[in-house]
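For reference, the structure discussed in these notes is given below.
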Amino acid sequence: MWIRKAITAIKTDGKDKAFAAFNSPTGGYVDRDLYVFVYDLEGTVISHGGNNALIGKSLVNLKDADGKTFVQDFVTVAKGKGEGWVDYKWVNPTTKKVESKTSFIKRHGDMLVGVGVYKG
């Protein structure tokens, strides 16, 4: 549901307004440890509801706690099937602990939109 809502916002409100909402804790796209993120198809962060400091940074070689280059997996899913799940381990912003996480990735034009949930 969050992915559809985010993509609809990009289509109807335009990228700038949608990304501002995604990035804001009060924009309707952040709820505790749930948030929308957007990357280009090269692995650079365009929008990130969990950490605005990542915007504009290439994370294509970023590794999780087990050494998995999960952003590369985001890009592979987006360029390949166009949508799907990616599992990895990441710091939960609520608990501050590394936990198993799964994110649903969906390609939208020249970008990918994602939302992840922690399994821990």
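Share of carbon and sulfur in the accessible area of the chain stands at 52%, probe radius 1.4 Å. Computed on protein heavy atoms with a 1.4 Å probe, the accessible areas place Thr44, Thr94 in the order Thr94, Thr44, largest first.
The residues of the stretch 14-72 have, on average, 50 Å² of accessible surface per residue, using a 1.4 Å probe with all protein chains present. Evaluating kT/(6 pi eta Rh) at 37 °C and 0.692 mPa s, with the Kirkwood radius of the chain over Cα pairs in the Stokes-Einstein relation, gives 233 µm² s⁻¹.
Length gained on full extension, Asp13 to Lys57, computed as 0.36 nm times the residue gap minus the Cα-Cα distance: 13.4 nm. Karplus-based coupling profile of the stretch 34-45, in residue order and whole Hz: 9, 7, 8, 10, 9, 10, 7, 7, 10, x, 9, 6, with θ = phi - 60° in 6.51 cos²θ - 1.76 cosθ + 1.60 and x standing for Gly or Pro. Net charge dipole, the chain: roughly 160 debye, given to the nearest 20, about the Cα centre with Cβ charges of +1 for Lys and Arg and -1 for Asp and Glu.
The values are calculated or read from the model by the stated rules, or taken from the named source; none is laboratory data. Not measured: the values here are computed from a predicted model. FYI the Cβ positions are ideal-geometry reconstructions off the backbone, even for glycines, and counts take in every protein chain you see. Only protein heavy atoms, including side chains, enter the accessible area calculation; ligands, DNA and RNA are left aside. Shrake-Rupley method; radii C 1.70, N 1.55, O 1.52, S 1.80 Å.
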